1. Given C-alpha coordinates of the chain, what is the ratio Rg to Rh with the Kirkwood estimate of Rh?
2. Considering only DSSP states other than H, G, I, E and B, which trypsin sites (Lys or Arg not before Pro) in the chain qualify as loop sites with at most 10 other Cβ atoms within 10 Å?
3. Are there GluC sites (Glu not before Pro) in segment 42-75 that DSSP puts in a loop and that have at most 15 other Cβ atoms within 10 Å, and which ones?
4. With +1 on each Lys and Arg Cβ and -1 on each Asp and Glu Cβ, how big is the dipole of the chain about its Cα centre, in debye rounded to the nearest 20?
5. Once you sort the root eigenvalues of the Cα gyration tensor of segment 8-56 as a ≥ b ≥ c, which label holds: rounded (a/c under 1.5), prolate (a/b larger than b/c) or oblate (the other case)?
6. Could you tell me the relative contact order of the chain? Use alpha-carbon pairs under 8 Å, at least six residues apart, and round to a whole percent.
Amino acid sequence: MDFNNKIESKLKDLILVNTSVPHIDAEITEELDMIKDFAFDSISIMKLIVDIENEFNIQIEDDFLLVENLSNYKILKNYIINVVKECE
């Protein structure tokens, strides 16, 4: 498994842990809107952010903490991959 796939796999696990959608029905695609499709609210998004920061040992910049960034799986995934690469 390459670097990006490892990050993506861990991120998907964190999303599934933090969603209220039953895991059986949970399909994470590039087009996923975590608010609309996975019923994330402000509390679950903040918990996800904390979990991401802890899991990947990164700090998500305040400028990135916008609903349009955090609700879109593809944008969030790409951001995390880039930040983790920069930290290495």
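1. Values: Rg = 12.1 Å, Rh = 13.1 Å.
Radius of gyration over Kirkwood radius for the chain works out to 0.93.
2. Values: sites: LYS6, LYS10, LYS12, LYS36, LYS47, LYS74, LYS77, LYS85; in loops: LYS36.
Qualifying residues, ordered by number: LYS36.
3. Details: sites: GLU53, GLU55, GLU61, GLU68; in loops: GLU61.
In loop regions of segment 42-75 (DSSP not H, G, I, E or B), the sparsely surrounded GluC sites (Glu not before Pro) are GLU61.
4. Values: 8 positive and 19 negative charges, 36 e Å.
Approximately 180 debye in magnitude.
5. On the way: a/c = 1.69, a/b = 1.25, b/c = 1.36.
Since a/c reaches 1.5 but b/c is at least a/b, the shape of segment 8-56 is classed as oblate.
6. Working: 61 pairs, mean separation 30.9, N = 88.
About 35 percent, as a whole number.
Read-outs throughout are calculated quantities, based only on the coordinates presented, and are distinct from any laboratory measurement. Source: prediction; values computed, not measured. When we count neighbours, we look across all protein chains shown, and the Cβ atoms used for this are built from the backbone with ideal geometry, even at glycine.
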